[in-house]
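Undergrad: Input: one structure, supplied below.
Readers should treat all values here as calculations from the given coordinates under stated rules, not as data from a laboratory. Given the structure is predicted, the values throughout are model-derived calculations rather than measurements. Here the Cβ is made from the backbone with ideal geometry for all residues, glycine too, and neighbour counts use every protein chain on show.
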Amino acid sequence: MEMTVSVNDNINGTLILPIVEGTESIPEDCERGLPQSMKAQINKVLGGGDFKAKAKTTLSLVGGEDGNIILSGLGKGDGITVHDYRKAGAAVFASIKKIHGNDFTVRFMDAGVAHMAAFAEGMMLRDYSYDNYKMKDDDNEDDSTKQIRLACSEKEAGELTSLVEKYRGIAKGVHLSRDLGNCPPNDMYPEEFADRAWEWAKQYDNVEVTIINYDQALKAGMGGLVAVGKGSSRKPCMVIFEMNKDIKGKCPVLVGKGITFDTGGISLKPGANMDEMKYDMGGSATVFGTMEALAQTGHKGKVVGITCMAENMPAANATRPGDVIKGLSGKTIEILNTDAEGRLVLSDGLWKAGEFDPEYIVDFATLTGACVVALGHEATGLWSNNDEFRSRIHDAGNAVDELAWPMPLLPAFEKEMTDSKIADTRNLGAGRWGGANTAAAFLKQFVPNVDYDKDGEQITWAHMDIAGTYWGAKTNNMVKNGATGVHVRTMHHLITQG
């Protein structure tokens, strides 16, 4: 898709007209340049109640020589928000068919610049397909690039252009995250992820990528990462992104769980739906996508991303239930279930984060089925050791319509996860109850203190369990299917504005 902003009254190709519920005719300020036949057709549909303009609905009108029209419903006028415009934009893009061609003009009725830009953002986010493994039809005209022209006043053009450029960059980060998550596990494995990160960084002067390979991880004492990945012939690694690293001072550090495929290891998962376990690297995909969004939008601040990559496979040398390992922090972990593996790789990633003088640490992980049971596919679970910071993330998610729901980090959960008889911690709770909470409590044990190795206050940290929101989110209007790229937009907002 190519999107431009224009101040002239010409209508190129199909006209897209966002409409507020209850509108019975086109307002006069939207009639400019409309052929009489097109205007009459729209007014007939609106006046006759054939299109009620309910939120996220669309109606296509074939206009003959004068061109085609897509009416886009925004919902009831009093409560319409930028989120409604974004969803309407996504719904319109999803409704485009071959008959509409590849040229479009969007004309808004009495909308502010932020609302126009949100509509454009919705179109850009929905402009995604993962068809790398499908044969291409040379005669398929739908593959042509769509030209979207946003009509506005001269006074609005500058601000709208700036916002569209920003959203275009953020959408590229979301789509990268989705590409990584959707890639089949035979082609997306730890070293492949690392190679893609290495190649990606070459296009930016202010980004560096460091890869800690298996032997280096072993030597460094990354027992969690090694324990999860050593059973696979495709060995684990840690990939570290550094943006604007020469800037002095504290910085955000993002940490991602990157299990490129999760069989459960020796604690083998049931076979049903195991194909979905290619999405178990969604946390690392979120980190990579956020770095892309920040790079695309020219972020000037220092940011670090740490991705903990492993493939969890059963093998003769795989970690067993009952093993005790020592992680990078020096703490020991009793392995009670090898399918509770994401927290093990994150334990090393969180401790490693302390080396980069974090302002705060946020980790992302498709961590627990228990979180999906609790929150479904509607919200990400959000835990933090700092109430104010948890509220900041919650607000950042609300600002971009990606819900992160505050969850409890109670002392009882921490006690449960440090109650091993033979080790400092255990990787599984004592029972089935509160599984998402005990997982968060486990991770908290590996958040470094402000003075790192000394006793004292922990670095500000938050854990986001995206197991229900990174895939399977059928109510996510920005996504047709597959990986969602969730929280790239949340983190971009938090880092740049929050």
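Undergrad: Could you compute the longest span of the chain free of GluC sites (Glu not before Pro) located in DSSP loops and having at most 11 other Cβ atoms within 10 Å, not counting the site residues?
TA: Of all site-free stretches, the longest is 25-456.
Undergrad: Here's a follow-up. What is the chain's relative contact order, in percent, from Cα pairs under 8 angstrom and six or more apart in sequence?
TA: Value for the chain: 14 percent.
Undergrad: Compute the long axis of helix 435-444 from its Cα atoms, compare it with the longest principal axis of the Cα atoms of the chain, and write down the angle in degrees, 0 to 90, nearest 10.
TA: 70 degrees
Undergrad: Return the ratio Rg/(2.2 N^0.38 Å) for the chain, where Rg is computed over Cα atoms only.
TA: 1.05
Undergrad: How far is helix 82-95 tilted, in degrees, relative to the longest principal axis of the Cα atoms in the chain, given as a value from 0 to 90 rounded to the nearest 10?
TA: Between the helix axis and the principal axis of the chain, the angle is about 80 degrees.
Undergrad: Please identify the trypsin sites (Lys or Arg not before Pro) of the range 402-484 that satisfy two criteria: DSSP loop assignment and at most 16 other Cβ atoms within 10 Å. Which are they?
TA: 421, 432, 454, 474, 480
Undergrad: Identify the chymotrypsin sites (Phe, Trp or Tyr not before Pro) of the range 78-141 meeting these criteria: DSSP loop state and at most 14 other C-beta atoms within 10 Å of the C-beta.
TA: Those that pass, being in a loop and sparsely packed, are 133.
Undergrad: Name the aspartates and glutamates eligible as straight-distance cross-link partners of residue 98: C-alpha to C-alpha under 20 Å, and not fewer than 8 places from it in the same chain.
TA: List returned: 2, 65, 66, 127, 131, 137, 138, 139, 141, 142, 143.
Undergrad: In the range 266-316, which trypsin sites (Lys or Arg not before Pro) are in a loop and have at most 14 other Cβ atoms within 10 Å, using DSSP for the loop call?
TA: 300
Undergrad: May I ask for the distance between the Cα centers of the range 1-51 and the range 175-194, given as a whole number of Å?
TA: 42 Å
Undergrad: Using Cα positions and a limit of under 16 Å, work out the aspartates and glutamates in reach of residue 54, with same-chain residues fewer than 8 apart set aside.
TA: 21, 24, 78, 84
Undergrad: Which part of the range 250-268 falls in the paramagnetic zone of residue 450, meaning amide N under 13 Å from the point 7 Å along Cα-to-beta-carbon?
TA: From the range 250-268, the list is empty.
Undergrad: A follow-up question, please. Exceeding 28 Å between C-alpha atoms, which entries from my cross-link table qualify? They are 56/166; 248/326; 97/257.
TA: From 56/166; 248/326; 97/257, over 28 Å: 248/326; 97/257.
Undergrad: Starting from the amide H of residue 461, placed 1.01 Å from N in the peptide plane, find each other amide H under 5 Å away whose residue is 5 or more places distant or on another chain.
TA: Sorted by chain and number, the residues that satisfy this are 361, 385, 386.
Undergrad: Here is a further query. To the nearest 20 debye, what charge dipole does the range 170-497 have about its Cα centre, counting +1 at the Cβ of each Lys and Arg and -1 at the Cβ of each Asp and Glu?
TA: For this selection, approximately 220 debye.
Undergrad: Can you give me the angle between helix 36-47 and the longest principal axis of the chain, using Cα atoms only, in degrees from 0 to 90, rounded to the nearest 10?
TA: 60 degrees
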